[in-house]
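Engineer: Sharing a structure with you now.
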Number of protein chains: 2
Amino acid sequence: MTDKPSRTERRSEALTKEQIVEAAVDILDTQGEAALTFRTLAARLATGSGAIYWHVSNKDHLLAAAADHVMARALAGVTGDDGGPQGAIRAIALAVFDAFDAHSWVGARLSLAPDQSAMLRFFEAIGSQLQRLGVAAAARFDAWSALVNYILGVAAQNADNARRHHGEADRETLLAAMAARWQQLDPEGYPFLREVAAHLPGHDDREQFLAGIDLILAGITAAVRE
Amino acid sequence: MTDKPSRTERRSEALTKEQIVEAAVDILDTQGEAALTFRTLAARLATGSGAIYWHVSNKDHLLAAAADHVMARALAGVTGDDGGPQGAIRAIALAVFDAFDAHSWVGARLSLAPDQSAMLRFFEAIGSQLQRLGVAAAARFDAWSALVNYILGVAAQNADNARRHHGEADRETLLAAMAARWQQLDPEGYPFLREVAAHLPGHDDREQFLAGIDLILAGITAAVRE
DNA sequence: ACCTGAACACCGTTCAAGT
DNA sequence: ACCTGAACACCGTTCAAGT
């Protein structure tokens, strides 16, 4: 503990799973999913590629642990509930959205049915706000499922989209090009898309994500009032 | 066209992109995503692995084309609209859910911003029902986005979940195990999950997906009535 | 207990050469 | 125009051997 790493480049402390996961998150964030290999990770940690297998059973588990790590950090940053249960749900939803957006590889790696502790805390956080909101016990399971699935599914979708088009001109240029294509569709077959195309440029994905949350909340509270 | 493939095992007709895509879909469905390689695909098509690159630029495009193929087939199977606009939206949503469930690799491969024709038809189908429903033009973009994103995101999530636990005992056993774990959580930290755990076994993912659709629709129509 | 790194059994993709 | 299949530059994972 007190000896400095003097003799060679060999670590004096044993490798830990946390060190491995943090290094993996950093590579994923800065260089993308394709750049994370056991060889680059081992080089970064100054060890052999096989050493990583002592702490992590395989690449899938490594990615799951990395995703849980990011999710935990995101939830830790959610501020106190000033806006009542609905405000709290919005704050949690946005924290997940922003975390998936900043770490575009996370969405594809979080399992819905995990023992990962961050996911359990997320599940509980949404559910407890529904209790505060006064949702009847019989309706709570479906309301909770809709919110949790919407948040994870749509945030993942959004991040995946950003990842796919990364480095392909900027967002506004892509939206403008998409709008132009939609406006050239057959007027018989695609009246709606031709109309909605005009709203594509300049829209805010984050606000639209939140608008969906609000629609679900409106559906939930409409039932509460009856 | 009329000559039978007589002389050798060499194809007499040229390979087409559609043949390649259909073979890929079949391998993905029956053997899983890991089994689809250019080598197995070439062997199945009695050609060399490089020949596929003449018709398809790379593996990502092949998977995108395969996903679009499945999506097109799913939408073609949606029955006429007897239940009004809300019934039509439910029917489309279920068709997507069932297609993703039956082809668990599809969800991860469908891009939200595609030129893929099936996706455009899906987008239009949802939007046109919102027009029929009388949603005001100003609210239509967000309502459409919430539905489309919920459907794609949650269906993909559900399929991914099934894929991940494929072959790991049956669904009910897994749900029972998950419920047992949730019931053993700390009562201080996880009151909601301890309560909701009881609903896990025996619940129907497809019905719960639909309940979420209904909550969004309730939110949309609540706004329409104002 | 923990680490090393060569070896194994694969991949996607390219490309000179064929028809 | 379309196909062949060897070759290239990688992977994840294993495991005998080390400390």
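No lab work stands behind these numbers, since they all come straight from the coordinates. Keep in mind that this is a model prediction, so the values were computed, not measured. Because the Cβ atoms are built from the backbone with ideal geometry, glycine has one as well, and the counts that use them run over all protein chains shown.
Engineer: Could you bin all the Cα-Cα distances of the stretch A:46-158 into 5 Å bins starting at 0 and give me the percent of pairs in each, rounded to whole numbers?
Structural biologist: P(r) over the stretch A:46-158, rounded to whole percents: 2, 11, 20, 22, 17, 12, 7, 4, 3, 2, 1, 0.
Engineer: Around A:L185, what is the net charge, scoring Lys/Arg as +1 and Asp/Glu as -1 over all other residues with Cβ under 10 Å from its Cβ?
Structural biologist: -1
Engineer: Next up: For Cα pairs less than 8 Å apart in space and 6+ apart in sequence, what is the mean separation divided by the residue count of chain A, i.e. the relative contact order in percent?
Structural biologist: Answer for chain A is 17 percent.
Engineer: Still on this structure: For q values of 0.25 Å⁻¹, compute log₁₀ I(q)/I(0) with the Debye formula on a Cα-only model of the stretch A:98-165, without solvent.
Structural biologist: One equal scatterer on each Cα of the stretch A:98-165 leads to -1.08.
Engineer: Using only Cα positions of chain A, each an equal point scatterer, no hydration layer, compute I(q)/I(0) via Debye at q = 0.07, 0.12 Å⁻¹ and quote the log10 values to two decimals.
Structural biologist: Taking Cα atoms of chain A as identical point scatterers yields -0.33, -0.82.
Engineer: So, one more: Using a label point 7 Å beyond Cα on the Cα-Cβ vector, give me the inter-copy distances for A:G32 in nanometres, one decimal, shortest first.
Structural biologist: Those separations, rounded to one decimal, come out as 2.7 nm.
Engineer: Lys/Arg Cβ at +1, Asp/Glu Cβ at -1, dipole of the stretch A:115-188 taken about the Cα centre: which of A:Q184, A:H165, A:S145 is farthest positive-ward?
Structural biologist: A:S145
Engineer: Quick one: with label points 7 Å out along Cα→Cβ, list the inter-copy distances for B:R164 in nm, shortest first?
Structural biologist: 2.1
Engineer: How crowded by other chains is B:117-125, given as the mean number of beta carbons from other chains within 10 Å of each beta carbon?
Structural biologist: 3
Engineer: Compute the angle between helix B:137-164 and the longest alpha-carbon principal axis of chain B, please, reported from 0 to 90 degrees and rounded to the nearest 10.
Structural biologist: 70
Engineer: Take every Cα pair under 8 Å in the stretch B:85-155 that's 6+ residues apart, average their separations, divide by the length, and report that relative contact order as a whole percent.
Structural biologist: Relative contact order, the stretch B:85-155: 49 percent.
Engineer: For label points placed 7 Å from Cα toward Cβ, what is the shortest-first list of nm distances from B:R44 to its copies?
Structural biologist: The projected label point of B:R44 is separated from its counterparts by 3.5 nm.
Engineer: Next question, about the same structure. In peptide B:188-194, how many Cβ atoms from other protein chains are near each Cβ within 10 Å, on average?
Structural biologist: 5
Engineer: Closest to the B-onto-A rotation axis, which residue of chain B has its Cβ, and how many Å off the axis is it?
Structural biologist: Nearest-to-axis residue on chain B, with distance in whole Å, is B:G153, 1.
Engineer: With springs only between Cα atoms under 10 Å, which of A:G77, A:G134, A:G202 fluctuates most in a Gaussian network model of chain A?
Structural biologist: A:G202
Engineer: Select from B:M71, B:M119, B:M178 the residue whose mean-square fluctuation is largest in a Gaussian network model of chain B (Cα-Cα springs shorter than 10 Å).
Structural biologist: Comparing B:M71, B:M119, B:M178 in a Gaussian network model of chain B, the most mobile one is B:M178.
Engineer: Which residue, chosen from A:L210, B:G77, B:G127, occupies the Cα position most advanced towards the positive end of the dipole of the protein assembly as shown, where the dipole is computed from +1 (Lys, Arg) and -1 (Asp, Glu) charges on Cβ about the Cα centre?
Structural biologist: B:G77
Engineer: Here's something else I'd like to know. How shielded is A:155-164 by partner chains, expressed as the average number of their Cβ atoms within 10 Å of its Cβ atoms?
Structural biologist: 4
Engineer: Follow-up. Using only alpha carbon positions, build the gyration tensor of the protein assembly as shown, then give the equivalent ellipsoid semi-axes as the square roots of 5 times its eigenvalues, largest first, whole angstrom.
Structural biologist: They are 35, 35, 22 Å, listed from largest to smallest.
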